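No lab work stands behind these numbers, since they all come straight from the coordinates. Just so you know, these numbers come straight off a predicted model, no measurement behind them. Here the Cβ is made from the backbone with ideal geometry for all residues, glycine too, and neighbour counts use every protein chain on show.
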Amino acid sequence: MYQIVKVSGIVRITPDKFNKPLDEAAKEILQEEYEGLVDPDLGVVIAVLDVKVSDEGVIIPGDGATYHEAEYELLTYTPRLHEVVEGEVIEVTDFGLFIRLGPLDGFIHLSQIYDDYFSYDKRHSVLIGRDTKLEIKPRDVVRARVVTASIGGGVKGVRVGLTMRQPFLGKLEWIKKELDRIYKKPAKKEKEAKKGG
């Protein structure tokens, strides 16, 4: 889930930033400190937004920097259990799919793709359903549900497990075909009932 988190604290403005407007200098420092940070409570910090810094600062003897109170917003992403997400397939392997979910990648195990057995065609980098003949390949867009999420050290420590084995999840083309199948049948029955009556 994406969210904006309001934060307040003290920002240390170093002398090399004194030639810039205070808010701009503080934003640069906060971006270096926060962007890309993975925090168990916040998730992945994507961007620092809307920085407001107090004009009055404090100087500490022996330190050439100034310290200012600041309020700012952080744009974060945290994968939530049972959340439905959409993403692009970035890699197909013989054991599953890697999906780009904005700042993170998620993984869908082979057994969680569809109610069918999928085999891997290495030459074409595609998974093909044995009975359904459904195919999934890189650059396909899918809808999935988060079934596991753990946040460890750094972006590489974030693990997101996904499933597409639930109604109205899967490759977007599969979902559209299923919806068309569901909603076209009642429409045909209504027309036949009107003709007969």
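How large is the helix-only mean residue ellipticity at 222 nm for the chain, computed as the sum of -39500 (n - 2.57) over DSSP H runs with n ≥ 4, divided by its residue count, in deg cm²/dmol to the nearest 500?
Here the helix-only value at 222 nm equals -6500 deg cm²/dmol.
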Calculated diffusion of the chain, Stokes-Einstein form, Kirkwood radius summed over Cα pairs, 10 °C and 1.306 mPa s, µm²/s: 78
log10 of Debye I(q)/I(0), alpha-carbon scatterers only, for segment 2-77 at 0.16, 0.21, 0.28 Å⁻¹: -0.57, -0.88, -1.28
DSSP-defined antiparallel bridges as percent of all bridges, the chain, nearest 5: 95
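Longer than 21 Å from Cα to Cα, which of Lys137/Lys176; Lys122/Lys177; Lys137/Lys184 are they? Say none if no pair is. Please list the in-between numbers first.
On the way: Lys137/Lys176 17 Å; Lys122/Lys177 27 Å; Lys137/Lys184 28 Å.
Over 21 Å apart, Cα to Cα: Lys122/Lys177; Lys137/Lys184.
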At most 15 other Cβ within 10 Å, DSSP loop - trypsin sites (Lys or Arg not before Pro), segment 70-145: Arg80, Lys122, Arg123, Arg130, Lys133, Arg139
Helix 22-34 vs. the chain, principal-axis angle (Cα, 0 to 90°, nearest 10): 50
